Structure formats: structure tokens, C-alpha cells
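The values are calculated or read from the model by the stated rules, or taken from the named source; none is laboratory data. As the structure is a prediction and not an experimental result, all values here were calculated from the model. FYI the Cβ positions are ideal-geometry reconstructions off the backbone, even for glycines, and counts take in every protein chain you see.
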Amino acid sequence: MDGNGEQQARENRQEEYRLLVESIKPKHNLLQNCVNAFLVGGAICLIGQLFLIFYSGQGLGEKEAAAATAGTMVFIGALLTGMGVYDKIGKFAGAGSIVPITGFANSIVAPAMEYKREGFVFGVGAKMFTVAGPVLVYGTLISCIIGIIYFLLQ
Amino acid sequence: MGNKCGEQSVSFSQPLVITSGANIVGPDEGKGPLASYFDLILDDMLFGEKSWETAERKMLEESAKLALRKINLQPQDIDFFLAGDLMNQIISANFAARGLGIPFFGLFGACSTFAEAILLGGILIDGGFARRVLLSSSSHNLSAEKQFRFPVEQGVQRSPTAQWTTTGSGAVVLDAEGDGPRVSKGTVGKVLDLGVTDANNMGAAMAPAAADTILSHFQDTGTSPESYDLIVTGDLGKVGQEALLQLLRQRGCDPGDKVRDCGLLIYDLAAQDMHAGGSGCGCSATVFTGFLLKKLREKEYQNLLFVATGALMSPLSCQQGETIPAVAHAVAVSG
């Protein structure tokens with residue numbers, strides 16, 4: 001058999017095995033996951049909204065109240081992560097607790113906790129953004145691009 | 001080559017004896033169905049240490065010492081210590097060997113390490129290079145999660161095909177003579193890869209290697225599924241086990257209901273929410289040293305084929321999009 005034939009045979013075997021594994025694999029329950037994500041994600045946003053109303057009622061302006069709300073939610077996310085609760089919420093809620101800002105706090109605090117044995121520089125400092133880093137990098141990049149488009153359109 | 005048998009198997013000139021076995025497991029394993037077979041169940045994942053990594057090496061060292069203590073041996077009575085684990089540069093085994101002071105071979109075969117150690121230890125004794133060897137492997141759920149997956153407190157959902165790295169360490173003493181279950185032959189696995197890239201589905205990546213080693217073992221040694229009471233694979237989990245059964249049947253071998261898996265034996269999957277089952281060098285090592293050795297000693301099982309499987313990827317190779325190669329080593333043990 002020539003080289004191409006062998007490669008073809010290997011690809012066939014791999015494809016055949018892929019189909020076998022697909023047929024065995026347990027599937028995610030998409031509907032259940034969506035419902036869980038909706039409920040928990042919605043609840044987190046509702047709590048945020050309550051804080052926003054509270055801060056606005058205390059006489060903060062629109063921007064200041066929004067910043068105070070974000071700060072409070074980040075604090076709660078970090079606290080629950082530190083108490084070992086947020087990963088349990090995440091297990092149930094999936095994207096519902098990853099997408100809100102509390103999830104962002106979780107993704108920074110979790111690696112910071114994990115790597116504190118490796119010291120403050122090469123551990124906490126270096127590893128803190130292993131999960132959140134890409135979000136920050138591409139978030140910043142996309143905002144710059146959108147900013148330029150907005151500027152050019154004006 | 002007197003003791004090589006067929007393409008990839010070895011047959012020892014006289015059976016080697018497993019004179020002692022010991023293990024230590026974590027809290028989750030202690031809540032599983034095999035709890036009564038373990039020597040020590042930790043209630044603290046840190047084992048009184050300051051990090052998960054140091055806890056793992058302490059487990060490995062302590063289980064090795066316990067295996068010696070059970071038959072009143074000292075480290076100086078052992079010719080060689082063979083051990084391995086999942087950590088980068090196998091630090092658990094290396095650092096435990098520092099404490100034991102026995103001439104040491106470090107092994108890496110991922111979750112297949114325990115069977116690899118038994119095979120190599122047997123070869124050392126049968127070749128006349130040693131009289132008695134100490135073999136051990138370990139894994140720790142949290143140190144493995146940290147190295148291979150997400151931080152522990154990260155709020156993400158695990159894939160239903162993901163396996164749970166067992167916290168545990170097992171050790172055996174293999175001797176040229178003595179009382180205990182006997183190892184008569186074994187098969188050294190080839191590294192196989194059928195293109196699985198999902199590190200959350202290691203069972204599927206390892207099943208082809210397990211099937212290949214089992215079939216080669218039968219062919220090389222002139223045995224068949226009827227020769228064994230059970231064929232116990234190490235850590236294929238639910239998905240991998242089903243894939244193994246289908247692969248065996250495709251190649252004309254029907255093992256009936258003789259196939260068991262350490263990853264499925266160690267946990268109550270539904271009650272403990274362990275997804276596809278256990279994995280890690282510590283899974284097959286603790287199930288072997290606890291459950292299987294006891295059943296062999298009590299003659300409930302006469303002949304076992306123990307097939308430990310290992311997925312040989314690293315986090316780096318996965319990030320670079322490589323597929324997952326796997327290996328399986330088999331040893332035949334009789335009661």
C-alpha cells in the first residue's frame with residue numbers, strides 16, 4: 001500500500017471511531033442548561049438592579065451608581081469564590097453565572113487562590129489572569145476597533 | 001529471548017508474588033462503594049500539608065511505607081523502588097523516593113503507571129537483577145485539576161464525559177517468593193491514537209489502546225476471555241468502557257460480562273456525581289491494592305487480567321491541537 005493509501009485508511013479508521021464515540025457519549029441537556037442559566041443569570045442581574053436602585057436612592061448620579069453597583073457585584077462574586085460557593089453555583093448555572101460581572105470576579109479570584117502557594121509574584125501575580133486575561137485582551141481590542149469605526153462614521 | 005512471548009508479551013519463568021499491598025485514599029473515595037477495602041481514608045485533602053502537591057507526595061511515601069510495614073520490611077530490604085504520578089516531572093514519586101532512600105526508577109505512563117511498574121518490577125526480578133521491589137503510583141484530584149484543567153474554585157460546568165481524578169496512592173511489594181497473589185505474565189502496550197482531541201473524554205482516547213493490548217495479550221499468550229474471571233481495565237470510565245466493548249466485538253472477541261473498570265468501581269457514579277468515573281494513577285493503584293488483591297487472596301477471583309490505561313497528552317499538546325495518544329499495559333494475576 002502506498003503512503004496516500006495508508007493515510008486514507010488511517011483517516012477512515014479515525015472517522016469510524018469518532019462516529020462510535022459520538023454514539024456512546026452522554027449528551028448535555030441543552031434545555032435544562034438554558035433554564036438554569038436563565039434563572040441564575042436573571043437572579044444575579046436582579047440583585048444588581050436592586051443595588052443600582054439603592055445607590056441611586058442614596059443620591060449617587062447615574063454613572064456613579066452604576067460603578068458602585070459593579071463594584072459591589074464584583075465584591076460579592078469574589079467573596080463567594082473565596083468561600084467556595086461560586087463554583088457550586090457555576091456547576092448548576094453554567095453560563096448563567098459566568099456571563100455576569102460576578103463570573104468575571106470568580107475567574108480572577110479562583111486562579112489567584114489556586115496559585116498562592118507559588119508566591120505573590122510567580123503565583124498570584126502571574127497566574128491571576130490566566131482565565132480572565134484573554135477576555136481583557138480581546139475585550140479591549142474589540143472596544144478599540146468599535147471606537148475607531150464609531151469615530152470614522154461620525 | 002526466553003521469556004518474551006509473542007510480539008509484545010512477557011511470561012515470567014516463575015510467577016512473582018505480591019507479598020504486600022497498601023493504599024491511602026481521599027475523602028470522596030472513602031465515601032465510595034470500596035471504602036472498606038482501603039487502609040487509610042483521609043478526611044482532609046491536604047493530609048496536614050501546606051499544598052496539594054506536598055499532600056500527594058506524602059500519600060505516595062506513606063502508602064509505600066505502609067506496604068513495607070505490613071510485612072515487617074525496612075526500606076533497605078528492597079532492591080529497587082519504581083513509582084510514578086501525574087505531576088510534571090513526576091515530582092510526587094521523585095520526592096517520595098528522596099524520603100525512602102531506595103534505589104529508584106521514576107516512571108511516567110499517566111494512569112497506566114501502576115501496571116507499568118508491576119511489569120518492569122517483574123522483569124527486574126525475573127531477569128535476576130532484584131529479589132524484591134517496591135512499586136507505587138499516586139494521583140491527587142486537586143493537584144491534577146490545577147495542572148490539567150481549571151482552577152478548583154472556577155465556576156464552570158464539567159463535561160458529562162469528563163472523568164474525576166482519584167485522590168489516592170497504592171503500593172505493592174513484589175517478591176521472587178513468598179505468600180500472596182502471583183503475577184505470571186504481562187503485555188506491554190503500544191501507543192495508539194485514533195484521533196480523539198477532547199481531553200474531557202479521555203476514556204474514549206484510551207479505549208483503542210486497551211482493546212489492542214487485551215487482544216495482543218490473548219494472541220501472544222494463547223489465552224482467551226475464558227482464561228480469566230475478570231478483565232479489569234484502569235480508568236476507562238463509562239464512555240471508554242462502552243467503546244472498549246464495541247471495539248473488542250468488532251474484532252471478533254466477546255468478553256461477555258467479564259469487563260470491569262477501576263474508574264467505575266471506585267465511585268457510586270450517580271450518588272457521587274462523578275460524571276464518567278474515576279481516573280488517575282491513584283485510581284487503578286488503589287482499586288488494585290485494595291479491592292482486587294483482597295478478592296484474589298480470598299480466592300473469590302482465581303485469575304485476573306489487570307489492564308491499566310494511560311492518556312499520554314499534556315496540557316501543552318492539547319492546546320496545540322494535538323490528538324491524544326494512549327497506552328495500556330496488562331498483567332495477569334492469579335489468586
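Listed by position, the helices (runs of 4 or more DSSP H) enclosed by region B:224-335 include none that has at least 2 residues that are buried (at least 24 other Cβ atoms within 10 Å of the Cβ) and at positive phi. Suppose the filter is surrounded by 24 or more Cβ atoms within 10 Å (Cβ to Cβ), in contact with a strand residue (DSSP E or B) (Cβ under 8 Å, 6 or more places away or on another chain) and not assigned by TED's automatic domain parsing to the domain that holds B:Ala22; does B:Ala205 pass it? Criteria met by B:Ala205.
For region B:265-282, give me each residue that is more than 14 Å from chain A (Cβ to nearest Cβ) and either free of Cβ contacts under 8 Å to residues at least 60 places away in the same chain or more than 26 Å from B:Ser136 (Cβ to Cβ) (or both). Of everything in region B:265-282, those that are more than 14 Å from chain A (Cβ to nearest Cβ) and either free of Cβ contacts under 8 Å to residues at least 60 places away in the same chain or more than 26 Å from B:Ser136 (Cβ to Cβ) (or both) turn out to be B:Asp268, B:Ala271. When region B:135-172 is filtered for residues that are over 23 Å from B:Gly240 (Cα atoms) and among the β-branched types (Val, Ile, Thr), the ones remaining, listed by number, are B:Val152, B:Val156, B:Val172. Scanning region A:106-121 for residues that are among the small types (Gly, Ala, Ser) and either outside any loop (DSSP other than H, G, I, E, B) or modelled with pLDDT of 95 or more (or both) yields A:Ser107, A:Ala110, A:Ala112.
Would you mind stating whether B:Ser184 is over 21 Å from B:Ala93 (Cβ atoms), more than 14 Å from every other protein chain (Cβ to nearest Cβ) and in a strand (DSSP E or B)? So B:Ser184 fits the description; yes. Checked against (1) among the β-branched types (Val, Ile, Thr); (2) in contact (Cβ under 8 Å) with a residue 24 or more places away in the chain; (3) in a helix (DSSP H, G or I), A:Val131 passes all but a single condition, namely (3).
Inspection of region A:24-47 finds a residue satisfying the criterion of being among the aliphatic types (A, V, I, L, M), surrounded by 15 or more Cβ atoms within 10 Å (Cβ to Cβ) and at the interface with chain B (Cβ under 9 Å from one of its Cβ atoms). Total residues in region A:70-98 satisfying the condition of being touching a residue at least 12 places away in the same chain (Cβ under 8 Å), more than 13 Å from the chain's Cα centre (by Cα) and over 27 Å from A:Phe54 (Cα atoms): the figure is 1. Filtered by the rule that a residue be within 15 Å of A:Gly84 (Cβ to Cβ) and either more than 9 Å from chain B (Cβ to nearest Cβ) or touching a residue at least 40 places away in the same chain (Cβ under 8 Å) (or both), region A:103-125 gives A:Ala105, A:Lys116.
Filtering region B:231-247 to residues that are away from every other protein chain (no Cβ under 12 Å) and over 14 Å from B:Met202 (Cβ atoms) leaves B:Ile231, B:Val232.
Here's the yes/no breakdown for (1) in contact with an Asp or Glu (Cβ under 6 Å, 6 or more places away or on another chain); (2) more than 20 Å from B:Phe288 (Cβ to Cβ); (3) modelled with pLDDT under 95:
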{"site": "B:Leu134", "(1), (2), (3)": "no, no, no"}
{"site": "B:Ser138", "(1), (2), (3)": "yes, no, no"}
{"site": "B:Val156", "(1), (2), (3)": "no, yes, yes"}
{"site": "B:Pro160", "(1), (2), (3)": "no, yes, yes"}
{"site": "B:Asp175", "(1), (2), (3)": "no, no, no"}
{"site": "B:Arg182", "(1), (2), (3)": "no, no, no"}
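The residues on offer are B:Asp85, B:Asp43, and the sole one that is crowded, with 19+ Cβ neighbours inside 10 Å and of a type outside the set (A, V, I, L, M) is B:Asp85. Every condition in (1) in contact (Cβ under 8 Å) with a residue 40 or more places away in the chain; (2) in a loop (DSSP other than H, G, I, E, B) holds for B:Ala209 except the one numbered (2).
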